[in-house]
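Q: Quick one: this structure, given as structure tokens, is what I'll be asking you about.
Laboratory data are not the source of any read-out in this text; all were calculated from the coordinates shown. Because the structure is predicted, anything quoted here is derived from the model rather than measured. Here the Cβ positions follow ideal geometry from the backbone for every residue, glycine too, while neighbour counts run over all protein chains shown.
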Amino acid sequence: MATASLQPKVGGATHVDVVIVGAGISGVGSAYHLQEQCPNKSYVILEMKDTFGGTWETHKYPGVRSDSDLYTFGYRFKPWVGTPVASADAILDYMGEVIEENGIGPNIRYGHRIDRCSWSSKENLWTVESTRLADGAAVTFTCNFLWMCQGYYDHEKPYIPDWPGMDKYKGQFVHAQLWDPKTDYTGKRVLVIGSGATAATVIPAFAEKAAHVTMLQRSPTYFACAENRNELADRLRQIGIDEPTVHRVVRAQIMHDQNLMTQRCQNEPDAVFEELKAMIRFYAGEDFQFEPHFTPKYRVWQQRLAFCPEGDIFKAAVAGKLSVVTDTLQTFTEKGVRTSSGEEIEADIIVAATGFRLSVMGEIPFSVDGKQVNWHDTITYRGMMFTDVPNMAWVFGYFRASWTLRVDMLGDFVCSLLNHMDELGSKRVEVALRDEDKDMEILPWIEADNFNPGYLMRGLDRLPRRGDKPEWRHNQDYWAEREQIPLIDLDAAEFVYDGKRRATAGKARKVEVA
Ligand SMILES: Cc1cc2nc3c(=O)[nH]c(=O)nc-3n(C[C@H](O)[C@H](O)[C@H](O)COP(=O)(O)OP(=O)(O)OC[C@H]3O[C@@H](n4cnc5c(N)ncnc54)[C@H](O)[C@@H]3O)c2cc1C
């Protein structure tokens, strides 16, 4: 692998073959695949923070952990050996090992915030302008290919609704994303606003030390409770099976079960809900009341299922440490909040678990040949490339399956594309609608009746759009994509190399997916 520091400077800029944006789980995984599959390409990862981890470094609230199992949230190439649901610290350790074992570290430029990306068709180059945050110096890179792994939300500014009366509240208000781990909540009354995955994580942790926790939710969420262990993994280890095999087999088992679950959620949602309730009763007791606080209005799986290892949130409720209020927040008061039905909830600390502020391409201004890119004017190719934006891919993972499954899959795809360009001697690739796509209906980024979390719905007018054919959709369907993406024909008419479509369809690639 060529190292970035050895690359010549072009007009004051350091040149590399590939710039990867972000050292989160996507950026680190993409760097691994680039090193493995395109060993002659030089690259840097530009990361705004002083360390790697992205999401797992940003969030520091009590109990912060994954809600996916790490056998599938971990990369396919690095066995996971811990508990299926893991703390942020354990995930950071795992990522640190990936960086260390594969010599990725020297290619990461920490503390570099990307301010602008400009493509020139004359030079077939991206110019990536960044600020070195330690001293404010402008640092510029040029690259042939831009691999966007910057995630999908603003790490600095979370989403806080504009609630009336916030200035009146005399206690401590904080969004979970900005939680300072030094905050002492021992013996305090804590109010958590929200009921999604963050609330499900933070509430059992607060309940251990707080005087009392109240969860104020606008509407209920589906919860899945189970032990935080994988029986098959334990058994395989017990009989001496090696970790790479355990990882491969357990991943296959979990993905098989999840696929079955997704199909059942669509075909028999009521039966699935009854099973989820049975799992909750196992931890909370047979008499546990689901009405009104634990009976959601939406279809199961339309939003992420909140996972509770060992039924922790329900145990807190049964122990009297947690109360749930299902209502809308009318106003903040001096001592807490008042809901629309007039209930006063007093609290010493109010924690908003109200989700993210969508950040499209890290809000980095992009231009192509001097013209500013408006992402909403572009149409996505399978949620990874965009019309009129050459030599660029975005890693946007799965929400209903582990995000990282798509990191590995797109790693294979981008590397094949780069290698194919080299075979063709091509300097520029872009995706473009074909004649047969001219009358295609152009639709919002996601289908609202398929998957509809608030932060995506709030940002649809800023996200790229899609068509209604598989090539032009971001379908969030791991099971369809694991068949389709490895077989993409890189010479198909939707790919344009150096301004020309390939005349003949080429050989389909076949890439092994784990
Ligand atoms: C608390 C929490 C728990 C989650 N749990 C799960 C889970 O269990 N399973 C799951 O599948 N998904 C989960 N998710 C979704 C999660 O965000 C993704 O799974 C994944 O971690 C995203 O990784 P990423 O590398 O794509 O983006 P991020 O983690 O967002 O990392 C992006 C990186 O890019 C950097 N960056 C952004 N803009 C710039 C710029 N202009 N210049 C330089 N650097 C920049 C950021 O600093 C950051 O380090 C969770 C999300 C949260 C918030």
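Q: State to the nearest 20 debye the size of the charge dipole of region 298-337 about its Cα centre, where the only charges are +1 on K and R beta carbons and -1 on D and E beta carbons. Present the calculation step by step, with values, prior to reporting the outcome.
A: On the way: 5 positive and 4 negative charges, 22 e Å.
Value, rounded to 20: 100 debye.
Q: Now, a different point. Quick query: amide H of THR142 versus all other amide H atoms, modeled in the peptide plane; which residues come in under 5 Å with a sequence gap of 5 or more or a different chain?
A: THR14, HIS15, VAL16, VAL128
Q: Suppose we keep just the DSSP beta bridges with both residues in region 1-147; what percent of those would be antiparallel, to 5? Each step should come with its number before you reach the end.
A: Working: 18 of 31 bridges.
About 60 percent, rounded to the nearest 5.
Q: Tally Lys/Arg at +1 and Asp/Glu at -1 over every other residue whose Cβ is under 11 Å from the Cβ of ILE108; what's the total?
A: Working: positive: LYS49, ARG109; negative: GLU47, ASP50.
Net charge around ILE108: 0.
Q: Net charge within 13 Å of PRO269 by Cβ-Cβ distance, Lys/Arg positive one each and Asp/Glu negative one each, not counting PRO269 itself?
A: Numbers: positive: ARG264, LYS277, LYS297, ARG299; negative: GLU268, ASP270, GLU274, GLU275.
It works out to a net charge of 0.
Q: To continue, here is another question. Per DSSP H run of n ≥ 4, the term is -39500 (n - 2.57); total these for the chain, divide by its residue number, and report the mean residue ellipticity at 222 nm rounded to 500 deg cm²/dmol. Working shown, then result.
A: On the way: 12 runs with 138 residues, N = 514.
My calculation for the chain gives -8000 deg cm²/dmol from helical runs alone.
Q: Another question, then. Which of the listed residues, THR127, ILE379, THR51, is farthest toward the dipole's positive end in the chain, when Lys, Arg count +1 and Asp, Glu count -1 at the beta-carbon?
A: About the Cα centre, the residue reaching furthest to the positive side is THR127.
Q: While we're looking at this one, here's another question. Packing-wise, with mean Cβ within 10 Å as the measure, how do 42-51, 312-321, 347-356 rank, highest first? Intermediate results must be reported in sequence, preceding the final value.
A: Values: 42-51: 21.1, 312-321: 18.7, 347-356: 23.1.
Going from most to least packed, we get 347-356, 42-51, 312-321.
Q: While we're looking at this one, here's another question. If neighbour count is taken as other Cβ atoms inside 10 Å, put TYR110, TYR185 in order from fewest to most. Don't jump to the answer; show the numbers that get you there.
A: Values: TYR110 17, TYR185 20.
So the residues, fewest neighbours to most, are TYR110, TYR185.
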